[in-house]
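The values are calculated or read from the model by the stated rules, or taken from the named source; none is laboratory data. Bear in mind that the values here come from a model prediction, so they are computed numbers and not experimental data. Positions of Cβ are backbone-derived with ideal geometry, glycine not excepted, and every protein chain shown enters the neighbour counts.
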Amino acid sequence: MNILGLNLGHDSSCTLLKNGKIIAACEEERYTKIKHSRTFPINAINDCLKIGKIRTEDINIISVCFLPKKYVQEFYFNQILQDSKKLDAYRQKLNSKEITFYEICKENNLQLRANNIVPFAHWVTPDIEPKRFDTRFFLAKVHSEQLGVHDGFELTESFWISPAKALEKFHQGEMNMIMPTIKSLEALTQFSSREEAFNHFKDLEDGAIPPILPKFIKKDGAWIGFLPGEDGYESI
């Protein structure tokens, strides 16, 4: 019994089984050199047949893995990501409060991958500041080819960097940081990989990330900061 298994869509590929045993398994990207190729896996099929030393007429069953709705949604979403003019127009409307993020998703029939994002910190601006924020920080999984782009309004420069390298630049005076950023990066350096960090926070129960409210006192003309749990914090 020869079975040819095909995956069409993200990471298109082919697998050949003979009497229940895997003889060959090939991904189309190995031949096209296009990462996560979605093209029909003709090269992968040909290689599987060659490795298995069989012809197409020797195939008894062809099993196809294909979810039309999911494929169309992902393909359409990728098209939007590649349209920089459309994204810039949406960003300007979003910044000027002419549209909401929900409305952008609804207009383009987009579905958010909520399983690719987890909360990992919660900071509240100290009460000595005239303008205060109640801010959540998140870890997000992104595609290896995805580019981060700053908005040019609140953020004017952006680049990918590891937590450890960012802290190194901070201590060398090459990057400015405020306390929430420093402490968040220090927390992330405790993990050996991105996967370990993501899975740790994903498995936390609701309410396991308490808000952090720094407190400050002025002593001899200088501000001294305290975090929850530190000596003197409760007495401020």
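Okay, residues lined up against (1) assigned to a loop (DSSP other than H, G, I, E, B); (2) assigned by TED's automatic domain parsing to the domain that holds Phe201; (3) in contact with a Lys or Arg (Cβ under 8 Å, 6 or more places away or on another chain):
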site: Val118; (1), (2), (3): no, yes, yes
site: Pro130; (1), (2), (3): yes, yes, no
site: Phe137; (1), (2), (3): no, yes, no
site: Gly148; (1), (2), (3): yes, yes, no
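Output the number of residues of the range 195-227 satisfying the condition of being touching a strand residue (DSSP E or B) at 6+ places or on another chain (Cβ under 6 Å) and not in a helix (DSSP H, G or I). Can you show your working first?
Kept after step one, since they are touching a strand residue (DSSP E or B) at 6+ places or on another chain (Cβ under 6 Å), are these residues of the range 195-227: 198, 201-202, 209, 211-217, 223-226.
Checking which are not in a helix (DSSP H, G or I) leaves us with 209, 211-217, 223-226.
Residues in the range 195-227 being touching a strand residue (DSSP E or B) at 6+ places or on another chain (Cβ under 6 Å) and not in a helix (DSSP H, G or I): 12 in total.
Here is a check on your reading of the model: is Gly225 outside the structural domain of Ile117 (by TED's automatic domain parsing), touching a helix residue (DSSP H, G or I) at 6+ places or on another chain (Cβ under 8 Å) and not hydroxyl-bearing (Ser, Thr, Tyr)?
Considered against the rule, which asks whether it is outside the structural domain of Ile117 (by TED's automatic domain parsing), touching a helix residue (DSSP H, G or I) at 6+ places or on another chain (Cβ under 8 Å) and not hydroxyl-bearing (Ser, Thr, Tyr), Gly225 comes out as yes.
Among the residues that make up the range 147-168, is at least one of them of a type in the set (Phe, Trp, Tyr) and surrounded by 13 or more Cβ atoms within 10 Å (Cβ to Cβ)?
Taking every residue of the range 147-168 in turn, none turns out to be of a type in the set (Phe, Trp, Tyr) and surrounded by 13 or more Cβ atoms within 10 Å (Cβ to Cβ).
As an exercise: evaluate Thr125 against (1) more than 22 Å from the chain's Cα centre (by Cα); (2) within 20 Å of Glu205 (Cα to Cα); (3) of a type outside the set (Phe, Trp, Tyr) and give the number of the one condition it does not meet.
(2)
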